[in-house]
Amino acid sequence: MQQALELSRNYAGKPGIPRVLATAGIHPHEAQLADQAALAKLDDLLANPDVLAVGEIGLDYYYDHSPRPQQKQAFAQQMEVAAAKRRPIIIHCRPSDGSSNAWDDTLEMIETTWVRTNLGGILHCFTGEWEHARRALDCGFLISFAGNITFPRAENIREVAAKVPLDRMLIETDAPFLAPLPYRGKRNEPAWVGRVADKLAEVRGTTAKQVASSTANNFFRFFGVAPDAES
Ligand SMILES: [Zn+2]
């Protein structure tokens, strides 16, 4: 949980390297480890302003690495920690094959317990349908697209990406996973996030430069962070 913050500290102030900011949270895969000590550790990490958000948290019914009731409990408890420390949440959501079960539960929990905090959040590595994106947008969320938007069978992701307002989206690497075409199957690298911008530009009939500047601005605005001098 603390490793992203350690990376952020290791690179802080190094010439030529953009700021590295962190998030902290217990992934749904590890939900069964979310005991009181782990939640207290999360709370402690949020004392650091460089930990911008709580995440990835959410529900993963594809792998079911933790039992679903425990996933829901860890998700709910981490939303409470995030609310108390006034941080947005970054959502990992993956339903069972051919189902929207994890989306239904995730969005219902956000709508009933999180939305009133007005802190918003991010749906990371979006893979759902427009209805899921629309409900999240209504809750003040941004929608983040990753390398899988370039995959031939990801028509549903591209359809959503065409509809999400440009001022409500982000792009991400999700490295080391989901390397975009033409690197699919390799270890993903942050340097390849431009391929995500290229695909979004194609889908939306705009330029990658426009996608890049809009998504960067969305990030800085959402988190209230001043842009890097070099960007
Ligand atoms: Zn994830």
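The values are calculated or read from the model by the stated rules, or taken from the named source; none is laboratory data. This one's a predicted model, so the numbers in the text were calculated from it and none came from an experiment. A quick note on method: Cβ atoms are made from the backbone with ideal geometry, for glycine too, and the neighbour counts reach across all protein chains shown. Please note that ligands, DNA and RNA were not included when accessible areas were found on the heavy atoms of the full protein model with its side chains. Shrake-Rupley method; radii C 1.70, N 1.55, O 1.52, S 1.80 Å.
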**Study point:** Hits in the stretch 170-203 (condition: farther than 25 Å from I17 by Cβ and touching a Ser or Thr at 6+ places or on another chain (Cβ under 6 Å))
**Key:** L181, K199, A201
Exercise for review: Determine if the stretch 168-175 includes at least one residue that is surrounded by fewer than 16 Cβ atoms within 10 Å (Cβ to Cβ), within 16 Å of the ligand (Cβ to nearest atom), in a loop (DSSP other than H, G, I, E, B) and under 17 Å from the mean Cα position of the chain (by Cα).
Suggested key: no
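Yes/no matrix, rows are residues, columns are (1) open to solvent by less than 20 Å² (accessible area, probe 1.4 Å); (2) over 22 Å from A24 (Cβ atoms):
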residue: M79; (1), (2): yes, no
residue: I91; (1), (2): yes, no
residue: D97; (1), (2): no, yes
residue: D105; (1), (2): no, yes
residue: G140; (1), (2): no, no
residue: F145; (1), (2): yes, yes
residue: F151; (1), (2): no, yes
Review point. Taking into account only those residues within the stretch 194-224 that are farther than 21 Å from C125 by Cβ and more than 17 Å from the chain's Cα centre (by Cα), which is most open to solvent (accessible area, probe 1.4 Å)?
Key: K209
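Would you tally the residues in the stretch 121-138 being outside any helix (DSSP H, G or I) and either within 16 Å of the ligand (Cβ to nearest atom) or crowded, with 18+ Cβ neighbours inside 10 Å (or both)?
Final tally of qualifying residues: 8.
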Revision key, fill the gap. Turns out the helices (runs of 4 or more DSSP H) fully within the stretch 30-110 with at least 3 residues that are out of contact with any helix residue (DSSP H, G or I) (no Cβ under 8 Å at 6 or more places or on another chain) and within 22 Å of F141 (Cβ to Cβ) are 101-109
